[in-house]
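To start, the structure under review is shown below, and the notes come after it.
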Amino acid sequence: MDRKTFFSQLLTPGTVPCTIFGVAVGLIFALLLLTIGVGKTLIIGLFCLVGAFIGGVKDKAGFVRKIILFFHREEN
């Protein structure tokens, strides 16, 4: 398997590269929990999510607007 195919399958559920990626993420998460504790691990995860948001979302205002509207729907 060449490098391009491996990385294209990395986030495709049911493929071997996706399984390897999931195991690696789980192992890192478990090691962080065991070494530094729950609170610090959650803070690291929060900062990773913020970094992914900043780097991965083009229309940040629109994305935040959609999230706010999703949680503040009025029920009739």
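Listed here are the residues, each with its yes/no results for (1) more than 22 Å from LEU11 (Cα to Cα); (2) touching a Phe, Trp or Tyr at 6+ places or on another chain (Cβ under 8 Å); (3) of a type outside the set (A, V, I, L, M, F, W, C).
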| site | (1), (2), (3) |
| --- | --- |
| ILE28 | no, no, no |
| LEU34 | yes, no, no |
| VAL50 | no, no, no |
| GLY56 | no, no, yes |
| LYS66 | yes, no, yes |
| HIS72 | yes, no, yes |
Taking the stated definitions as given, is GLY62 without any contact (Cβ under 8 Å) to a residue 40 or more places away in the chain, part of a helix (DSSP H, G or I) and open to solvent by less than 60 Å² (accessible area, probe 1.4 Å)?
yes
Per-region count, segment 36-51, residues closer than 29 Å to PHE7 by Cα and open to solvent by 60 Å² or more (accessible area, probe 1.4 Å)
8
Search result, residues across segment 1-35 that are of a type outside the set (A, V, I, L, M), on the phi < 0 side of the Ramachandran plot, open to solvent by less than 90 Å² (accessible area, probe 1.4 Å) and not in a helix (DSSP H, G or I)
ASP2, GLN9, THR12, THR15
If the Cβ limit is 9 Å and pairs must be 6+ apart or interchain, which residue in segment 11-29 that is closer than 22 Å to THR41 by Cα pairs with which residue that is open to solvent by 60 Å² or more (accessible area, probe 1.4 Å) and of a type in the set (A, V, I, L, M)?
PHE21/LEU11
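The values are calculated or read from the model by the stated rules, or taken from the named source; none is laboratory data. This is a predicted model, so every value here is computed, not measured. Reconstructed Cβ throughout: ideal geometry from the backbone, glycine too, with neighbour counts over all protein chains shown. These area figures cover heavy atoms from the full protein model, side chains too; ligands, DNA and RNA do not enter into them. Shrake-Rupley method; radii C 1.70, N 1.55, O 1.52, S 1.80 Å.
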